[in-house]
2 protein chains.
Amino acid sequence: MNIAILGFGTVGKGVYEIVKKANGKTESLHVDHILIRKNKECILPEMTDSIDDILNDKDLDVVVEAIGGIEPAHEYILSALKHKKHVITANKAVIALYLKEFTEAARDNGVKFYFEASVGGGIPWIQGLEKALRIDQVNSIEGIFNGTSNFILDQMSKRGQSFSEVLKEAQKLGYAEADPSADIDGIDVANKLSISADIAYNIDIADQDKMPIFGIRNISASDIDYFAKKGMSIKLIGKTHQRENKFDYIVEPTLFQSHTLEANTPDNYNLISLNGDTIGKLDFFGQGAGMLPTANAVVQDILDIKEAKDHLVRDFDSKVEYCSNLTKSDYLVRSSYDVSDIFSDYKVYHEGDFLRVEQISAGKMHDLMKEVLSFDSKAFMASLPMEVVA
Amino acid sequence: MNIAILGFGTVGKGVYEIVKKANGKTESLHVDHILIRKNKECILPEMTDSIDDILNDKDLDVVVEAIGGIEPAHEYILSALKHKKHVITANKAVIALYLKEFTEAARDNGVKFYFEASVGGGIPWIQGLEKALRIDQVNSIEGIFNGTSNFILDQMSKRGQSFSEVLKEAQKLGYAEADPSADIDGIDVANKLSISADIAYNIDIADQDKMPIFGIRNISASDIDYFAKKGMSIKLIGKTHQRENKFDYIVEPTLFQSHTLEANTPDNYNLISLNGDTIGKLDFFGQGAGMLPTANAVVQDILDIKEAKDHLVRDFDSKVEYCSNLTKSDYLVRSSYDVSDIFSDYKVYHEGDFLRVEQISAGKMHDLMKEVLSFDSKAFMASLPMEVVA
């Protein structure tokens, strides 16, 4: 297989390194081109700044998009598919927006569009989900999809430091970007959850406007301390449920009892689980990011193409509809003000520094939390585990 | 695909149920025959007591061996392969012994022999391991491979009950068999570990005589209590390591700190992890047994055959050799007698009711423990997590 890598950042370098590895396992793979930015120095013979030269190479089989962001990634992916090249990417932002367009372009041009690395990095999550769907309806997906936010929460809880202190350290270590908003505000999780829901329900979400998203920017050391005293850990969770042709999807800080796998997912690890009719609960744990694990997933997709191991075919034609009040939970709300008025339609009581709101749907809760934030921009909320109703 | 199910116990019934399910996902599958024992009543039209009638059915594609045990399972599997039928089984005991023979018979007859359900039940472990091996050398595998023993240890630790009390309850609930020795003495784990090592290292272990195996039969409520006070949980673990063409494999009670995934694997769940060069640590968690999860894995194998998704090809021809002292750990030994003499070549000291033996290889430790058991049949031992040596 002849490969072109677009972009030579973390993922691009990792793919190059794995393909070059001398262990004999990837000897059938060959990197022919690496696209770098205009005016950057070509430090490797494979490097070029011409996308056209790459796409017009008749011997090229696979394009690995590793530029990131929306444009020109979107344009290059489409263009490569139209040139009848298979495309593989780890770029969750562009997939969440354009999965349907890419899938159709791939189908129309007789090539593959694979994206295992986009969700859960090195974890074989997309494959695990697609495999489960061959037999089961998947009733729920829940996971720690973002390593950076998990690292921050884990460090805060281990060291008692503030959010801003830990964030600064994460940035110094390269675990968080200079603009960390995608990671800490739940955007990255929302993208990965969208992709997972698209696959699980055979739909095309694309527009995430309806998705209730709440990040961890406002969490304080004393919040974490309070949860710990209650025997709970907090995690930034993406979750989706399906019941009778309705689904929801939610990104929010969620509390877990200390004996759960979620509570014990450390550092920048990811943990993603699905629940199916016959398979029950299945959890995948591993490196959700990082150069080699992510690149491993990209190379796995290349090998699937080489070995003609076709992934699930989607037509996005399911009749499943979004429902903002499919599931209900208890929530803890922390604000410097008394906000109980806002939740007057619900049973509420004070619990430590928090207001506990009982059995409210995620859609409603996130709406009302926007009201809280409008006069207390530092307010925080977290959901409690859904109780199993008999 | 036309399917014959040999045996109608838990796994056989589960496969029948999933194939019959009306969700449209398995409509291309059809159960034509169910082999039952001679003189048993045929309660379903598919039932027969003639293996010959089944194997001579020219339209039959796949035989699911769900009898269990060594014979006649071994004979039927070989016979089916020679009749050019694909064979799928969850029977770890027969695979651990005859994997090479089955693999060669399948190859010679141009059919497949798949066994995803044999290790980890519903967990896609074999597939995950085979996939990792496309790119990485797998340096270690470690896991909770046996749900029954995990249920017993979990219940003992949650309720403070004795081993025999919990075992009796597990038998009443159907979690443990009337003769529980395969589960509690580590035989079942040894079979699953053998199969995993065969795949990981491309070898044929078959003869498990060398494998150090120690079960949980002798564990007491006060052992568990002591470990808990030290912040540790005990699990029955199968583990194997590979370094520079040498490997070891060990089944033994192992202590884990309370914040690890292993310590937090509850009930009868399994947790299996691998460690690879580029993928890092990857963990799979799910239902390691049970009717529908195990049957799900069997049906996944049928679908892989239908979709021509070939599994890893093995020739068992690797030069990797067994080494009994590849890894060292500290061990805790509990005996009513002073057994420090037996360990006089090692640094030992008393720790609660235990003798702690420092940095001893698994092979040596299990040998010396046999001496201890020869005059104290109730003695117990557990290994401590290997320390990471810089």
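What to note about this one:
- Restricting attention to region B:59-91 and to residues that are open to solvent by 60 Å² or more (accessible area, probe 1.4 Å) and charged (D, E, K, R), the residue that is farthest from B:ASP301 (Cα to Cα) turns out to be B:GLU71.
- Restricting region B:249-269 to residues that are more than 9 Å from every other protein chain (Cβ to nearest Cβ) and more than 29 Å from B:ASP367 (Cβ to Cβ), the residue that is least open to solvent (accessible area, probe 1.4 Å) is B:ASN268.
- Qualifying residue in region B:128-136 (condition: farther than 30 Å from A:LYS21 by Cα and either modelled with pLDDT of 95 or more or assigned by TED's automatic domain parsing to the domain that holds B:ASP209 (or both)): no
Conditions (1) in the same structural domain as A:PHE256 (by TED's automatic domain parsing); (2) open to solvent by 30 Å² or more (accessible area, probe 1.4 Å); (3) farther than 21 Å from A:PHE375 by Cα, marked per residue:
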site	(1), (2), (3)
A:LEU312	no, yes, yes
A:VAL333	no, no, no
A:VAL339	no, no, no
A:ILE342	no, yes, no
A:ASP345	no, yes, no
A:ASP353	no, yes, no
A:GLU358	no, yes, yes
A:SER361	no, no, yes
A:MET365	no, no, no
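- Looking across region B:308-333 at every residue that is under 23 Å from B:TRP125 (Cα atoms) and of a type in the set (A, V, I, L, M, F, W, C), the one that is nearest to the other protein chains (Cβ to nearest Cβ) is identified as B:ALA308.
- Checked against the criterion of being over 18 Å from the mean Cα position of the chain (by Cα), surrounded by 22 or more Cβ atoms within 10 Å (Cβ to Cβ) and not polar (S, T, N, Q), the candidates A:LEU167, A:LEU173 yield just one match: A:LEU167.
- In region A:270-282, the residue that is nearest to the other protein chains (Cβ to nearest Cβ) out of those that are closer than 20 Å to A:MET232 by Cα and crowded, with 24+ Cβ neighbours inside 10 Å is A:LEU271.
- Qualifying positions in region A:8-39 - open to solvent by 10 Å² or more (accessible area, probe 1.4 Å), under 10 Å from A:ALA66 (Cα atoms) and not aliphatic (A, V, I, L, M): A:PHE8, A:GLY9, A:THR10, A:LYS13
- All told, B:LEU292 meets the bar of being aliphatic (A, V, I, L, M), surrounded by 21 or more Cβ atoms within 10 Å (Cβ to Cβ) and under 30 Å from B:TYR16 (Cβ atoms).
- Residues in region B:211-238 that are out of contact with any Gly (no Cβ under 8 Å at 6 or more places or on another chain), under 24 Å from B:ASN191 (Cα atoms) and open to solvent by 40 Å² or more (accessible area, probe 1.4 Å): B:ARG217 only.
- Each residue in region A:144-168 was checked for being closer than 13 Å to A:ASN268 by Cα, within 14 Å of chain B (Cβ to nearest Cβ) and either assigned to a loop (DSSP other than H, G, I, E, B) or of a type in the set (Gly, Ala, Ser) (or both), and 1 pass.
- Tabulated pairs, region A:114-137, first surrounded by fewer than 22 Cβ atoms within 10 Å (Cβ to Cβ), second assigned to a helix (DSSP H, G or I), C-beta under 8 angstrom, 6+ apart or interchain: A:GLU130/A:ILE199; A:LEU133/A:ILE199; A:LEU133/A:ALA200; A:ARG134/B:GLN300; A:ARG134/B:LEU303
- In this entry, A:SER374 is excluded by the filter for residues that are over 23 Å from A:LYS235 (Cβ atoms), out of contact with any strand residue (DSSP E or B) (no Cβ under 8 Å at 6 or more places or on another chain) and outside any helix (DSSP H, G or I).
- A:GLY110 vs. criteria closer than 14 Å to A:ILE272 by Cα and either at pLDDT 95 or above or within 14 Å of another protein chain (Cβ to nearest Cβ) (or both): no
- Residue match in region A:298-307 (condition: part of a helix (DSSP H, G or I), open to solvent by 30 Å² or more (accessible area, probe 1.4 Å), more than 14 Å from every other protein chain (Cβ to nearest Cβ) and modelled with pLDDT of 95 or more): no
The values are calculated or read from the model by the stated rules, or taken from the named source; none is laboratory data. Just so you know, these numbers come straight off a predicted model, no measurement behind them. Cβ coordinates were reconstructed from backbone atoms using ideal geometry, including for glycine residues, and neighbour counts include every protein chain displayed. Each accessible area value is taken on the protein alone, full model and side chains, heavy atoms only, with ligands, DNA and RNA left out. Shrake-Rupley method; radii C 1.70, N 1.55, O 1.52, S 1.80 Å.
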